[in-house]
2 protein chains.
Amino acid sequence: MAYTYKYPKADHTVDAVVFGIDFDEAALKILLIERAREPFKGNWALPGGFVEMDEDLEAAVIRELREETNIRLSYMEQLYTFGAPGRDPRGRVISTAFLGLVQPGHIAIQEGSDAAKAIWWNVNELPGLAFDHAEIIKTGVQRLRSKISWQPVGIELLPDEFTLSDLQQACEIILGRTIDKRNFRRKVLKFGVLAPTGNVRKENYRPAQLYQFDKKRYALLQKQGIDFEV
Amino acid sequence: MAYTYKYPKADHTVDAVVFGIDFDEAALKILLIERAREPFKGNWALPGGFVEMDEDLEAAVIRELREETNIRLSYMEQLYTFGAPGRDPRGRVISTAFLGLVQPGHIAIQEGSDAAKAIWWNVNELPGLAFDHAEIIKTGVQRLRSKISWQPVGIELLPDEFTLSDLQQACEIILGRTIDKRNFRRKVLKFGVLAPTGNVRKENYRPAQLYQFDKKRYALLQKQGIDFEV
DNA sequence: CCAAAAGTGTTCCTGTTACACCCATGG
DNA sequence: CCATGGGTGTAACAGGAACACTTTTGG
């Protein structure tokens, strides 16, 4: 039985649902590539590709992202595995999707050789998508939304130094609703994982205090099973 | 590139972390099989096996469970995909693990041909396990614990008719701590997804009201995004 | 009448929500 | 001095946690 299943075999791929925030447009963005080859040549799709034989799944996503877009993630986690027969016209392809986040400083896309082009798309204005990638993205957005209300995910979408207004705006963009400023600040400061850097950001008006995220303290609190609700 | 990856290919398997509650022992149990073949012949492992080419991942788990144990699940969801190179001595094997729950009436194991034998093990007293199955189980237990505090998962581990004490005991076994009876009852009744059947269970002492779960109402409330905390 | 499990309310406390004004800066 | 975003406190409310006794049955 089992042991005799040598051929035929399914292919295994990875796909990346990569989120970034565009503060100018106040929009949640997702990274898509225009497919350079069949199937679905010319259509938009998630970055991803085939897993190599001696390569971890996570490593495969990172490699594919580098090849196709040269982007650097600040966070990544496994999302879900999509394996319905027929989801890929080439044959049986099982794909493990990952959720990735990038900081604004690293959203610049350096085009690689694999993909014709890579572009950030507004999550609410997506084009038609190849394969079952629309479903994968839907799953990714759900995960991101549910995650942000109990983990400081917003941090991974911000630069190293950020103002509390930045953080609030990130959360608002992801959740798609406004949050009360005073309540928000009280909550995020309560845990003590945000530390003022002493620097301020001067833009047009009153300067804003810059904060950084204390990863060590967060890891410590997380180990104690403390919740982080926003 | 990608398109040229025809051989070699990884194998793809599914594994099932199946939970059941043993009310006599007041213990959370997990279903394991003794492997009938190499590798790890004679060791204990999760039920599972290779995915067929035209078969959904979920269908593969259900089939393997039927072949190996003939057990019927009351609930199933995808857990995580384990794909580290070297996790299987036979070569590259990527495995998608599922979490399954069975009701007490269906915990009887009818041995199949594939597995030497299948046995329910106390989650706290597991034997040495084949492959990376110890890690998979750990992931499964975490998921079950986190799930039970916001979804009526306990239901799936109980018979169709049950008392509130049964439900509470199920939650206590999973969470590994005691719960206040009055608070528990108030909470689970508040949502209106439990309906008294009118029957009572007479055992030794005072008879207990039997309840059933209103799946329709639950689905309705869930669609409205209502939380179910225990 | 005793043992054992079923069943039932209230109080306190914590955390969430709602809400409006002053401050610092640049132009 | 005006426009703009930065920054702050309090009061009402809801939900969670802690807590003990009465009821029903079988033996």
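Restricting attention to region B:166-188 and to residues that are surrounded by fewer than 14 Cβ atoms within 10 Å (Cβ to Cβ) and near DNA strand C (Cβ under 9 Å from one of its atoms), the residue that is farthest from B:N124 (Cα to Cα) turns out to be B:R186. Candidates in region A:168-190 are the residues that are polar (S, T, N, Q) and without any contact (Cβ under 8 Å) to a residue 40 or more places away in the chain; of these, the one that is farthest from A:G154 (Cα to Cα) is A:N183. Just to be sure I understand, how many residues within region B:66-85 are closer than 21 Å to B:I155 by Cα and either more than 9 Å from every other protein chain (Cβ to nearest Cβ) or among the aliphatic types (A, V, I, L, M) (or both)? Going through region B:66-85 one residue at a time, the tally reaches 8. Of all residues in region A:52-64, those that are facing chain B (nearest Cβ under 9 Å) have Cβ atoms under 6 Å from Cβ atoms of residues that are β-branched (V, I, T), 6 or more apart or on another chain, in A:L57/A:V14; A:L57/A:T96; A:A60/A:V14; A:A60/A:V51. Within region B:190-211, is there a residue that is within 19 Å of the chain's Cα centre (by Cα), at negative phi and crowded, with 16+ Cβ neighbours inside 10 Å? The answer is no; no qualifying residue exists.
Would you check if B:S95 is of a type in the set (S, T, Y) and more than 15 Å from the chain's Cα centre (by Cα)?
For B:S95, the condition - of a type in the set (S, T, Y) and more than 15 Å from the chain's Cα centre (by Cα) - is met.
The numbered conditions (1) within 14 Å of chain A (Cβ to nearest Cβ); (2) over 25 Å from B:C171 (Cα atoms) are all true for B:Q110 except (1).
Every number here is computed from the coordinates shown, using simple stated rules; none is lab data. Bear in mind the structure is a predicted one, so any value in this text is a computation, not a measurement. Virtual Cβ from ideal backbone geometry, glycine too; neighbours counted across all protein chains shown.
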